[in-house]
């Protein structure tokens, strides 16, 4: 039996951060019931990320909302509001990611929910917290990356600020919420008290950068300096980066520069030392490596580097990754089935418990798919 079996989560959240938290809790066994607006539902249903859709709905929605149920209720309709009150009264967890003040106006903020469910674990994600000059700004991933200095860590220096190609702030905020909810459920089991969990994307975006922020303050507030060539980490010395080869790309992590000079038969590196010089002259060293590594195929270099226990890797795209035995053995893909029989492939939960992979064959719900069923359970 999964750890969260018999736990019920009422989830008001939309887009990515909140739904990611409830997805992880669902994978761990919880029953997740999405409260969705009639007709339109979770805004993410219409958020197309490419020209590919699944069963008439955004691929993102399907990926982040599998293994959940959907009930369509109007938060401004009194009859529907009573259904919501009855649901949250029986819930173990209530989640949302509305802007500050929205749930207070609707009457489903922590104070109101606690009146009908004193031991509830109530979790919320905001963009910037409830106070401060940014509190009412939209909590969107690219905006958070931009405001928190994160875009000055990726890409080569001449290219200006570069965002990550994933909604990384949404993801970390969702994981922070999931881990906090789990901790509070444990406390509730021990002490029989509820909790009010508050996560902001702003806090999460700063926390992701714990390594670089700590270095910034220790280093006299020197701003991060990316290399002009093959930048992969603003605070790590050469050779750390990705380099073009004759037929692809090669990732190089740690390695002694003098040793690499001999190993790769690259005499132009012989004048450089490890330590301070490998950091201060990163761009020059990487430029030499880039010119040298492009002369041979990736597998040629890998055969030399791996034999010498240098940390390196081929740079794969999804086509090559999914065909590789190293990926296949993980069994990270699963096929899920929607209520209408539509099937699609997606990722599974990455957690293993007692050696067992966690899978769930239930796909994402159609809007309001479980409305009648849930009302029948509530009222008979």
Exercise. Somewhere in the stretch 235-256, is a residue at pLDDT below 95, surrounded by 15 or more Cβ atoms within 10 Å (Cβ to Cβ), within 25 Å of residue 310 (Cβ to Cβ) and in contact with a helix residue (DSSP H, G or I) (Cβ under 7 Å, 6 or more places away or on another chain)?
Worked result: yes
Exercise. Which of the residues belonging to the stretch 133-173 are assigned to a loop (DSSP other than H, G, I, E, B) and without any contact (Cβ under 8 Å) to a residue 12 or more places away in the chain?
Worked result: 133, 137, 160, 162, 165, 166
Exercise. Where residues in the stretch 335-354 are in contact (Cβ under 8 Å) with a residue 40 or more places away in the chain, within 19 Å of the chain's Cα centre (by Cα) and part of a strand (DSSP E or B), which of them is farthest from residue 370 (Cα to Cα)?
Worked result: 347
Exercise. Residues of the stretch 144-181 being within 28 Å of residue 26 (Cβ to Cβ), surrounded by 16 or more Cβ atoms within 10 Å (Cβ to Cβ) and out of contact with any helix residue (DSSP H, G or I) (no Cβ under 8 Å at 6 or more places or on another chain), which ones?
Worked result: 180
Exercise. Can you pull out the residues in the stretch 135-145 that are within 20 Å of residue 163 (Cα to Cα) and over 17 Å from the mean Cα position of the chain (by Cα)?
Worked result: 137, 138
Exercise. Only one residue in 298, 322 is farther than 30 Å from residue 367 by Cβ and in contact with a strand residue (DSSP E or B) (Cβ under 6 Å, 6 or more places away or on another chain). Which one?
Worked result: 298
Exercise. So is residue 270 surrounded by fewer than 20 Cβ atoms within 10 Å (Cβ to Cβ) and in contact with a helix residue (DSSP H, G or I) (Cβ under 9 Å, 6 or more places away or on another chain) or not?
Worked result: yes
Exercise. If you check residue 105 against the conditions, is it more than 22 Å from residue 183 (Cβ to Cβ) and touching a helix residue (DSSP H, G or I) at 6+ places or on another chain (Cβ under 9 Å)?
Worked result: no
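The values are calculated or read from the model by the stated rules, or taken from the named source; none is laboratory data. Worth saying up front: this structure is predicted, and the values here are computed from it rather than measured. Note that we place each Cβ from the backbone using ideal geometry, even for glycine, and neighbour counts take in every protein chain shown.
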